[in-house]
Amino acid sequence: MSLRVYNSLTQKKETFAPLKKGKVSMYVCGITAYDSCHLGHARAAVAFDVVYRYLKFLGNEVTYVRNFTDIDDKIINRSKEKNIPWKELTERYIQEYRDDMSALQILTPTQEPRATEFIPQMIGAIQTLIEKKKAYEKNGNVYYAVREFKKYGALSQKNIEDLESGARIEIDETKKDPLDFALWKAAKPGEPTWPSPWGEKGGRPGWHIECSVMSTKLLGQPFDIHGGGRDLIFPHHENEIAQAEGMSQKNFCNYFLHNGFVNIDAEKMSKSKGNFTTIRQVIKQHDAEVVRYFLMSAHYSSPIDYTEKNMLEAKLALDRYYLLLGRLNLLLADQKIKKMPKPSNDLEKELAKSLEEFPSKFKESMDDDFNVPKSLGYVFEIVRIFNKYLDQTGTTPAPFLFWARDEWMKMQKEIFEPALGIFISEPQKYFERFKKNKSEAQSVSVELVESKIAERRQARSNKDFKKSDTIRDELMKLGVELKDRPDGTTEWHFK
Ligand SMILES: [Zn+2]
């Protein structure tokens with residue numbers, strides 16, 4: 001089976017065929033660097049990180065471009081408000097975004113162009129649009145003449161007459177038509193400006209032209225995949241198409257992919273609604289791997305609800321995964337079994353079968369428009385069988401278990417890590433992260449707990465059970481629960 005993707009251009013799931021076999025070009029709209037990014041930005045980044053990873057996993061050479069908008073009304077306004085030079089402001093938030101991305105295990109795109117690096121190319125593109133009668137200049141501004149582009153509204157499935165009647169009529173309107181949008185904005189006092197052919201004072205580019213120019217200059221026209229959040233379909237992506245196709249009569253791109261919103265209690269997350277949650281706040285509260293897992297737990301194109309319950313479920317899923325790895329590590333030394341020992345009972349047969357089938361099931365679900373939740377379902381089915389098997393194993397593992405563990409670890413290295421970017425922690429380190437967070441919150445140091453446990457172990461080996469129980473009770477009062485394992489070790493966690 002080959003990869004199929006839902007293409008917003010045709011509103012259909014289609015077989016993905018790149019322009020050049022084995023090579024994929026992909027552009028995703030990046031952020032406007034004027035503030036801390038929120039969970040909605042993380043959703044888009046994770047969604048297209050998985051697309052990028054999976055395309056590479058399939059053996060493609062992927063050129064992935066994600067831009068930074070580093071000049072925009074929002075940036076200018078914020079820099080005035082905060083009295084920080086606009087360049088310093090954008091630099092700060094670009095760096096912050098990069099830190100957020102690396103915490104979330106998001107691979108760095110092949111290229112990360114900034115709008116201000118492409119001003120001459122944007123001016124050239126706008127000149128072409130004027131020559132082709134798709135744009136006009138007025139008082140140093142240049143506007144795109146939307147009615148000159150016949151396909152306008154096709155992506156967002158909007159009728160131009162409906163758009164016209166709903167368009168906001170602005171005061172001091174210099175546009176010929178309310179639907180027209182700015183390609184170039186004439187300089188205003190105190191704003192950053194670049195020289196332009198449209199008036200001595202110069203000006204700066206509009207937002208939409210940036211993406212059309214950076215994508216086609218770096219990837220060619222057409223290119224394969226354009227991605228972004230669903231909220232960008234109209235007007236941003238509609239305008240990108242109008243600009244790029246208005247310039248050259250060639251298709252802009254062959255596939256448009258859109259990720260769904262993040263809702264808080266089923267309401268779209270946005271700053272204006274006040275339910276704004278920054279990536280760093282959420283990571284601090286929940287752990288970056290849990291946040292990434294949560295963002296992958298729904299299909300990329302569906303909405304996802306950010307609730308305490310869903311975050312807890314994401315954590316419990318990762319706990320389950322790492323608990324299994326912890327159990328396997330505890331029981332099995334580094335012994336390797338190359339050939340599969342013949343399964344000797346039904347559970348071994350079931351486990352052998354699901355392990356053998358996993359790679360093809362994984363590929364099948366991912367080939368179906370990157371269905372991560374379905375592939376995670378297969379992962380946890382195996383976790384379930386493993387645990388059932390371990391529950392019956394006792395302390396003397398059969399050679400089969402060594403083989404099964406090694407197979408599973410191989411899949412972690414060869415499938416989960418490269419294609420999904422999750423399950424990448426050492427189990428012990430994963431749990432330590434939460435102990436550390438909790439111990440900070442409860443003001444109990446991990447070292448204290450560990451030393452008390454060592455003391456208790458000593459007491460137990462001296463058959464001083466009274467002392468052992470006292471230590472257990474002391475720790476209980478500090479919110480620490482102990483669990484003694486049959487092999488004599490003690491696990492612990494914060495309640
Ligand atoms: Zn864009």
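The values are calculated or read from the model by the stated rules, or taken from the named source; none is laboratory data. The model shown is predicted, which means the values in this text are computed figures rather than measured ones. When we count neighbours, we look across all protein chains shown, and the Cβ atoms used for this are built from the backbone with ideal geometry, even at glycine. All accessible areas refer to the heavy atoms of the entire protein, side chains included, with ligands and DNA or RNA removed. Shrake-Rupley method; radii C 1.70, N 1.55, O 1.52, S 1.80 Å.
Quick notes on this one:
- Cβ-derived FRET efficiency at R0 30 Å, Phe380 paired with Lys342, nearest 0.05: 0.70
- Ordering of 112-118, 479-485 by packing [mean C-beta count within 10 Å, highest first]: 112-118, 479-485
- Taking the 1.4 Å solvent-accessible surface of region 4-279 as the whole, the part contributed by carbon and sulfur is 48%.
- Label point at Glu474 placed 7 Å out along Cα→Cβ; residues across region 434-449 whose backbone nitrogen lies under 14 Å: 445, 447-449
- Taking all C-alpha pairs of region 177-241, those more than 14 Å from each other amount to 65 percent.
- Given R0 = 45 Å, the distance between the Cβ atoms of Asn371 and Asp177 translates into a calculated FRET efficiency of 0.60.
- Region 408-468-region 99-133 distance, computed between alpha-carbon centres (Å): 45
- For Leu482, residues with placed amide H under 5 Å, excluding near neighbours: none
- The three principal axes of the C-alpha atoms in region 318-358 carry coordinate ranges of 28, 23, 18 Å, sorted with the longest axis first.
- Largest-first principal axis extents, alpha carbons of region 444-494, Å: 27, 21, 15
- Mean Cα-pair separation over length for the chain, i.e. relative contact order, pairs under 8 Å, 6 or more apart, %: 15
- Separation in nanometres of the label points that stand 7 Å from Cα toward Cβ, at Glu161 and Arg433: 5.6
- For region 139-263, alpha-carbon Rg relative to the globular expectation (2.2 N^0.38 Å, N residues): 1.12
- Taking every DSSP helix (H) stretch of at least 4 residues in the chain, weighting each as -39,500 (n - 2.57) and dividing the sum by the residue count yields a mean residue ellipticity at 222 nm of -15500 deg cm²/dmol.
- In this label model, Lys150 and Gln127 are separated by 2.9 nm, measuring between points 7 Å along each Cα→Cβ vector.
- Förster radius 25 Å - calculated FRET efficiency between Lys361 and Arg4 (Cβ-Cβ, nearest 0.05): 0.95
- Evaluated at q = 0.10, 0.12, 0.13 Å⁻¹: base-10 log I(q)/I(0), Debye formula over Cα of region 4-279: -0.53, -0.78, -0.93
- Histogram of C-alpha separations across the chain, 20 Å bin width, %: 20, 45, 25, 10, 1
- Put the Cα centre of region 227-251 next to the Cα centre of region 277-293 and the gap is 32 Å.
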